[in-house]
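See below for the structure under consideration.
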Amino acid sequence: MERVYLDYGASTPVDKRVLEAMIPYFREKFGNPSSIHIFGREAKVGLERARESIAHLIHAQPEELFFTSGGTEADNWGIIGYCLQNREVGNNIITSCVEHYAVLNSCKYLETQGFSVTYLPAEPDGTVDLDRLKKAITPKTLLVSIMHVNNEIGIINDINAIGAITREHGTVFHTDAVQGFGKIPINVRQMNIDLLSISGHKLYAPKGIGALYVRKGIHLQKLLHGGSNERNWRSGTENVASAVGLGASAAFCKTEMEQEADALRKLRNYFWAEIQKNIPDVRLNGALEPRLPGNLNVSFKSADGESILLSLDLYGIAASAGSACESGSIELTHVIKALNPPLEYAQSAIRFTIGRWTTRTEIDYTISALKEIIERVRKFERKT
């Protein structure tokens, strides 16, 4: 049986070059980066070089970059840490209803702490309406958190415009850039981003590592209390080997991003064209552009999404019905609900995400399997 991985949006395999960069930090350079002896200094050098590499990719200063355990911690710390530290400035947060749950649940927690949250609806194409955002900002607005790229439908928000709006109103701007980091350009200076969250395992680096960019002058309340790691901002011994891996991945992306994005976009567009050619009554969720090059979220009329996914798995094809964090749920995801698709398409949204090692042969195999699966599932639906 073929094995085809089309779930790069959930997690990516570690690039061999990234793994090679990491290996010395498991054995030869295993020291604690807080130790002052040579073993500690070797680990510290690797950690700081990784920090520089990541910061360079987003046009930040290395001292503005703090390592975390992943994107969820970075979102929580950026949103909760900033709001609790600066609550005397305001008590309103603006976000969108299609954010990752790491953002939405951080906002819900802050509502229990006396903050108010404005949830902006998604436009039919999946983006946030800029005029709505402008109108929502008040003198009490403390923070705006709008994701860079939607994790389910891959839609790219106009972060340049959002950053300009927040800067004009004197409001701090956080963006969850977990899906877009290293895949499309980010310039925190030009985009007026104050806080930015990233994750390693979406970018061919290991799980369990991420980072939060904090613009100079921004102050956060600590979420972890202990030693003076990460310049006394985040306690806990750093995950040095994984940080080195994330830094290595960022360095490769710096030189390969444009070429890789172009290749993925062409393959993604071929995939979508073949779906439309071979399967009737299909619907793209969100606009085709601006969309992350490797993302394709498609609904199939009068077909059950769970049946489609289970059937794909029997063919050895991995895809998802939403974000990986919701994979245990068979309910309509909050993102698809927000797009308000026609009822006959709503229950069959499938997210296909392609990546660095996806081939056209794999796409052709998937099209062949999908054609059989959709015909069979629809026939069964008609009988029941």
Subset of the range 275-292, residues under 11 Å from residue 184 (Cβ atoms) and surrounded by 22 or more Cβ atoms within 10 Å (Cβ to Cβ), comes to 291, 292
Quick check: is even one residue across the range 193-214 in contact (Cβ under 8 Å) with a residue 12 or more places away in the chain, crowded, with 20+ Cβ neighbours inside 10 Å and either of a type in the set (S, T, N, Q) or assigned by TED's automatic domain parsing to the domain that holds residue 264 (or both)? yes
Search result, residues across the range 5-14 that are surrounded by fewer than 19 Cβ atoms within 10 Å (Cβ to Cβ) and acidic (Asp, Glu): none
Restricting the first residue to the range 267-282 and requiring it to be free of Cβ contacts under 8 Å to residues at least 24 places away in the same chain and under 20 Å from residue 347 (Cα atoms), which pairs with a second residue that is among the aliphatic types (A, V, I, L, M) and assigned to a helix (DSSP H, G or I) meet a Cβ separation below 6 Å and a spacing of at least six or different chains? 282/275
Would you say residue 27 is in a helix (DSSP H, G or I), of a type in the set (Lys, Arg), more than 25 Å from the chain's Cα centre (by Cα) and farther than 23 Å from residue 253 by Cα? no
Look at residue 227 and say whether it is assigned to a loop (DSSP other than H, G, I, E, B) and without any contact (Cβ under 8 Å) to a residue 40 or more places away in the chain. no
Considering only the range 47-75, how many residues are closer than 22 Å to residue 191 by Cβ and part of a helix (DSSP H, G or I)? 13
When you go through (1) of a type in the set (A, V, I, L, M, F, W, C); (2) in contact (Cβ under 8 Å) with a residue 12 or more places away in the chain; (3) part of a helix (DSSP H, G or I) one by one for residue 14, which number turns out not to apply? (3)
Restricting to the range 134-165, what's the tally of residues that are closer than 26 Å to residue 9 by Cβ, part of a loop (DSSP other than H, G, I, E, B) and among the aliphatic types (A, V, I, L, M)? 3
Residue 168 passes all but one of the listed conditions (1) without any contact (Cβ under 8 Å) to a residue 60 or more places away in the chain; (2) assigned to a strand (DSSP E or B); the exception is number (2)
Residues of the range 101-124 classified as assigned to a loop (DSSP other than H, G, I, E, B) and surrounded by fewer than 15 Cβ atoms within 10 Å (Cβ to Cβ), total: 5
Residue 48 - would you say it is charged (D, E, K, R) and in contact with a helix residue (DSSP H, G or I) (Cβ under 9 Å, 6 or more places away or on another chain)? yes
Scanning the range 346-384 for residues that are polar (S, T, N, Q) and buried (at least 16 other Cβ atoms within 10 Å of the Cβ) gives 347, 348, 353, 358, 366
Filter the range 175-190 for residues that are over 16 Å from the mean Cα position of the chain (by Cα) and closer than 20 Å to residue 77 by Cβ and give the result. 188
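The values are calculated or read from the model by the stated rules, or taken from the named source; none is laboratory data. Only a predicted model underlies this, so the values are computations on that prediction, with no experimental measurement involved. Glycine also receives a Cβ, built like all others from the backbone with ideal geometry; neighbour counts cover every protein chain displayed.
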